[in-house]
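Asks: Take a look at the following structure, please.
The values are calculated or read from the model by the stated rules, or taken from the named source; none is laboratory data. Keep in mind it's a predicted model, so treat the numbers as computed, not measured. For neighbour counting, all protein chains shown are included, and Cβ atoms are generated from backbone atoms with ideal geometry for every residue, glycine included. For accessibility, only protein heavy atoms count, side chains too; no ligands or nucleic acids. Shrake-Rupley method; radii C 1.70, N 1.55, O 1.52, S 1.80 Å.
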Amino acid sequence: MAVSDLEDAIAFFVDLGLTVVGRDTISGEWADTAVGFDGNHAKIALLQTPGGQDFVELFEYIFPMAVETDPTLPNAIGMHRVAFSVECLEAALDAAAKHDCYPLRGIATYEDQYRLTYVRGPSGILVMLAQSLK
């Protein structure tokens, strides 16, 4: 996920329980080929989810310059959101609130199986937080 401020994004996701497992600055022919930009240069961080099975990769572009866009809507086509299962929705929302990130509308209950909500995280990323009721 491309972000405008890598440190802000790292702090947000760490507060949600992820762990930073790697940081680097990337550039060179391999990065140009992988990403599809000539002269690609970015600061990156790799964060691991609790349990260690999944990862989130964050990029802050140095070149080409990052492009600011309007925040995407939940029904926009494309990759613009991430979802996390949380043990306690209130604790996750408290962590998000420390970064001025609040539910888009409120907390919903899905078929007595999940309590869930979306927050708009750093750089406008939609983050779904879901607590199992089982």
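Asks: Hey, can you tell me all the residues within the range 23-35 that are charged (D, E, K, R), exposed (fewer than 14 other Cβ atoms within 10 Å of the Cβ) and more than 21 Å from the chain's Cα centre (by Cα)? Let's see the steps before the verdict.
Replies: So the first thing to find is which residues in the range 23-35 are charged (D, E, K, R), and the list is 23-24, 29, 32.
Those still in the list that are exposed (fewer than 14 other Cβ atoms within 10 Å of the Cβ) too: 23-24, 29.
Within the range 23-35, just GLU29 meets the criteria.
Asks: Test each condition in (1) open to solvent by 70 Å² or more (accessible area, probe 1.4 Å); (2) out of contact with any Gly (no Cβ under 8 Å at 6 or more places or on another chain); (3) without any contact (Cβ under 8 Å) to a residue 40 or more places away in the chain for PRO50 and report the one that comes out false.
Replies: Going through the list (1) open to solvent by 70 Å² or more (accessible area, probe 1.4 Å); (2) out of contact with any Gly (no Cβ under 8 Å at 6 or more places or on another chain); (3) without any contact (Cβ under 8 Å) to a residue 40 or more places away in the chain, PRO50 breaks only (2).
Asks: Here's something else I'd like to know. Just to verify a result, which residue in the range 14-29, among those that are part of a loop (DSSP other than H, G, I, E, B) and touching a residue at least 24 places away in the same chain (Cβ under 8 Å), is nearest to GLU90 (Cα to Cα)? If you could, list the steps in order and put the result at the bottom.
Replies: Quick first cut of the range 14-29, residues part of a loop (DSSP other than H, G, I, E, B) only: 16-18, 28.
Now restrict to residues that are touching a residue at least 24 places away in the same chain (Cβ under 8 Å): 16-18.
Working: LEU16: 11, GLY17: 13, LEU18: 17 Å.
If we take residues in the range 14-29 being part of a loop (DSSP other than H, G, I, E, B) and touching a residue at least 24 places away in the same chain (Cβ under 8 Å), then LEU16 is nearest to GLU90 (Cα to Cα).
Asks: Is the range 69-80 home to any residue that is touching a strand residue (DSSP E or B) at 6+ places or on another chain (Cβ under 6 Å), of a type in the set (Val, Ile, Thr) and either open to solvent by 80 Å² or more (accessible area, probe 1.4 Å) or in a strand (DSSP E or B) (or both)?
Replies: No; the residues of the range 69-80 include none that is touching a strand residue (DSSP E or B) at 6+ places or on another chain (Cβ under 6 Å), of a type in the set (Val, Ile, Thr) and either open to solvent by 80 Å² or more (accessible area, probe 1.4 Å) or in a strand (DSSP E or B) (or both).
Asks: Moving to a separate point now. For the range 107-128, give me each residue that is small (Gly, Ala, Ser) and within 30 Å of GLU7 (Cβ to Cβ).
Replies: Step one: filter the range 107-128 for residues small (Gly, Ala, Ser), giving 108, 121, 123-124.
Scanning the range 107-128 gives GLY121, SER123, GLY124.
Asks: How many residues are open to solvent by less than 50 Å² (accessible area, probe 1.4 Å) and assigned to a helix (DSSP H, G or I) when one looks only at the range 82-92? Walk me through it before giving the result.
Replies: Restricting attention to the range 82-92, the residues satisfying the condition of being open to solvent by less than 50 Å² (accessible area, probe 1.4 Å) are 82, 84, 86, 89, 92.
Narrowing the set further to residues that are assigned to a helix (DSSP H, G or I) leaves 89, 92.
The qualifying residues number 2.
Asks: For the range 93-134, how many residues meet the condition of being of a type in the set (Val, Ile, Thr), open to solvent by 60 Å² or more (accessible area, probe 1.4 Å) and part of a strand (DSSP E or B)?
Replies: Looking only at the range 93-134, we keep the residues that are of a type in the set (Val, Ile, Thr), and these are 107, 109, 117, 119, 125, 127.
Going one step further and asking which of them are open to solvent by 60 Å² or more (accessible area, probe 1.4 Å), we end up with 107, 109.
The next check asks that each one be part of a strand (DSSP E or B); those that pass are 109.
Qualifying residue count, the range 93-134: 1.
Asks: Which one of the conditions (1) open to solvent by 80 Å² or more (accessible area, probe 1.4 Å); (2) on the phi > 0 side of the Ramachandran plot does ASP38 fail to meet, given that it meets all the rest?
Replies: Only one criterion is unmet by ASP38, namely (2).
Asks: Mind checking which residues of the range 55-68 are in a loop (DSSP other than H, G, I, E, B) and surrounded by 11 or more Cβ atoms within 10 Å (Cβ to Cβ)? It would help to see each step written out before you state the result.
Replies: Within the range 55-68, the first condition is being in a loop (DSSP other than H, G, I, E, B), and the residues that meet it are 64-68.
PRO64, ALA66 - these are the residues of the range 55-68 that are in a loop (DSSP other than H, G, I, E, B) and surrounded by 11 or more Cβ atoms within 10 Å (Cβ to Cβ).
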